[in-house]
Structures are given as C-alpha cells and as structure tokens.
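Computed from the coordinates by the stated procedures, all read-outs in this text should not be read as laboratory data. Quick caveat, the model's predicted, so the values are computed rather than measured. Note that we place each Cβ from the backbone using ideal geometry, even for glycine, and neighbour counts take in every protein chain shown.
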C-alpha cells in the first residue's frame, strides 16, 4: 500500500508539473491575425491591393508536452497562411453604416447596415475569451486552459457549414472571410476593429428580408417571436419540420453550442397568419474537436455534458438537447423527426459533402477536409437513430420551467413560458 501511495503521489505531481509546463508556452491572452506579405502595416496603402496573405493566429503553437496535455485540436488551421480579400466598408454593397459594437463574450463584432437597410455583422475570427476565465483559474495561474481552448474551434468552420446548409435547404447567414484594414468609416472603432480578420455575414435580425424567400416579411430573434406569439396567439406557428432538420444538421456538423439567442426566424405572412422558419447564426463551434488530457476531462459527460467533441459517433444525446429544443418541439410526432433525418441523408450525399469543401481555401482543405468528411458521413449513416433518440430526450425532459436565454425580461404567461404551442386552444 505504501508503494501504491507513493506511486499515486508521483503521478499527481507529474500531472501538475506537466499541466503548468503546458501552460507556460505563452502568457499572451489575445492575438490578432498576422499579415505575412506586408511589412509596415501602419503605413501601407491597402487600397492598392485586393487581398492579403495571413495566418489567423499563432497563439496556439504547442510543444510536445502541451500537445499531450491540451491536444492538437485545429492548431495547424489557425497558423496556416491563406489568401483573404481586402474590404472597404464605404464601397461594400453601396456603402455600409457602422451601427454599434456587438455584445459577444469572446467574439468582437460590429453591426453594419447597407444603403438598402439590410443588416450585416462583422464577427472576429480571432477570439478573446478573457471574460470567460473564472477567478479561480486566474488565482491558480490556469488562464491558458481557457485561452488555448479556442484551438478546439475551427477558424473557418462557418464557411463550410454555410455550403452544407444550402445543400440541405437550410437557411444560412452566408459568411465570407474578409480582412478589414483601418479606414475612415470605422472612426473610433479603428483601434479595436481595424486591420483584422472577420467573417462578414447577414444578421439574424432584420426588418428587410435578405433571403430568397419572396413571402418573407422580416427576420426576427427568438424573444421577438415569443412577443409575436403572445400578441397573435394561434395565428403564429413555427415550421417544425424545418427546425428538426436544422437541429439534426447541427448534430451532423458537431455544433454543440445552440441556445435560443443563436437563432433567428424568417417570418412569412399570409392574410393574418404568420409562419416562422428557423435561421441559425454563430457557427463558432461547428466541428469542435477536443483532444489531449485536459480537454478530454472537461468534455466528459459528467463534467460539461454539452461540451462534446466532433467524433464519428454521438456518445451522449442528453447533453446536446437544449431548453430551446424542448420549448419548440415538445409534443411533435416521431414521424417528423424520422422524415427529416431521411431527407438530410438523401440531400447530403458523399458528393455534396466533398463538393462543399471547395468553399475552403485549398490549404485548409488539405489539413482538415478528409477527417471532417469521414466524421460527417459516419454521423449521417446513423442519423435516423439520432433523430429517434433526440425525440425521446425531449419527451423525457418535458416542457421548460425557466425562460429561454434572452427571454428573461418578457414576463411570459405560464403556458407560453413552458412551450411555444402550450397556448394553442383546443376547438
């Protein structure tokens, strides 16, 4: 027993030593994309060129100890140089107006509006998770666990997701990779937002319909949909088939972070009736991959059940089912879940998935394309089983008891607080 005790103490000490060694590779908390073909960025005339070559971030470089403790993740994708178009906002879509800063916890964003009144967002590809670091982690000097955790996100995952969504007849915000140099129109925002790498995409909240749906009148967020339901009652319905297809698609791409504030709704109106079709935004965690000792421990179903790595199989469905799902899909027939799973299986063929990879720069395709395709195909094969399990978890957990994220101030009546269809009157 003494020998076992000594061995255990040795293992604990060795683990702690390796942990702090892995965290010591950098004490930086945030880093912008690095331009590789321009020397003096402060005086360079970006209007003289149409593109730049840059690496999203070299913040996640790792030695062998760090790779053991914190995993390989997508470090190579973050540090691989790609060619990116240079964009000036005063000439984009007839000229953009900068409205305000966004409020994301780790994404720096700017809200824009075109001369046609269409809203866009610039979302930084480089993340700044300092606001998410717990005080205990700071006290123990473990901040880098959170900082380095961004390497589990694919910097360009949203681009591939958008191509796949189109093939699956799912609304997308059409993100594009762009470089925004410092420019006059940014004014006081230049210091924080100039000379940076972004995803430029449509907003999930717009009074102007930017989709190809000619019957749509506007695009609203989930809390506004609830307000509409409160005022119009039975004249407002959601497209449950479209929502199930979208959520099954989320499972296919391994996007585990899907709460209510990450969806918009495309609103159709006919006479006095409204129909809401879901629109997903914020694809930062698509293809999320955890490797290494620390991320594997954290993503265990008994630790953070929703923090699931994108693997060939889904191991723990209850962790992926959100209050959002129960709120909108409670009391939906299993037949609808199965039908939408089968539709996705037919629409997202091997060829479609391989062709979608062309949305990525060739350098990124070569790094991560094969692995992501293999995992998607494996999940697609089992999609009907996942759909049935999804339905069972929703039914087991039942209606929600607390407001959805972003809806806390609405003071909804109980029947609309619990589920979207609970206000439905029986004739």
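Observations on the structure shown:
- Subset of segment 188-207 [exposed (fewer than 14 other Cβ atoms within 10 Å of the Cβ) and more than 21 Å from residue 125 (Cα to Cα)]: 207
- With a requirement of 2 or more residues that are within 25 Å of residue 353 (Cα to Cα), touching a residue at least 40 places away in the same chain (Cβ under 8 Å) and touching a strand residue (DSSP E or B) at 6+ places or on another chain (Cβ under 7 Å), the helices (runs of 4 or more DSSP H) lying completely within segment 227-338 that satisfy it span 240-252.
- Residue within segment 372-389 that is part of a loop (DSSP other than H, G, I, E, B) and closer than 26 Å to residue 405 by Cα present: no
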